[in-house]
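Inspection log for the structure reproduced underneath, given as structure tokens.
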Amino acid sequence: MFVRRYIVQDRESGLFLGFEDGDIAPVRLVKQAVPFETAEGATMTALDHCDAGYIVFPFYLEVNDE
């Protein structure tokens, strides 16, 4: 089954929002980005961490249905 998730990229630095030491922090690699469950959650987090604007990218992630 596939589920829709969202990642955030800062427009100014080009970095993604990910986890570092348990907190949201900028990360270089897209594979380290936090997959948010909702667009609203991604947007609210971006508003707190991205000063010069942000981009929210939707994507589909395959999950096991166990």
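Within region 8-52, being under 21 Å from Glu62 (Cβ atoms), open to solvent by 50 Å² or more (accessible area, probe 1.4 Å) and either among the acidic types (Asp, Glu) or part of a helix (DSSP H, G or I) (or both) holds for Val30, Lys31, Gln32, Glu37. Which residues, taken from region 19-46, are of a type in the set (A, V, I, L, M, F, W, C) and either out of contact with any strand residue (DSSP E or B) (no Cβ under 8 Å at 6 or more places or on another chain) or closer than 10 Å to Ile7 by Cα (or both)? Result: Val30, Ala33, Val34, Phe36, Ala39, Ala42, Met44, Ala46.
The values are calculated or read from the model by the stated rules, or taken from the named source; none is laboratory data. Since this is a predicted model, take the numbers as computed values, not measurements. Neighbour counts run over all protein chains shown; Cβ positions are idealised from the backbone, glycine included. Heavy atoms of the whole protein, side chains included, go into the accessibility calculation; ligands, DNA and RNA do not. Shrake-Rupley method; radii C 1.70, N 1.55, O 1.52, S 1.80 Å.
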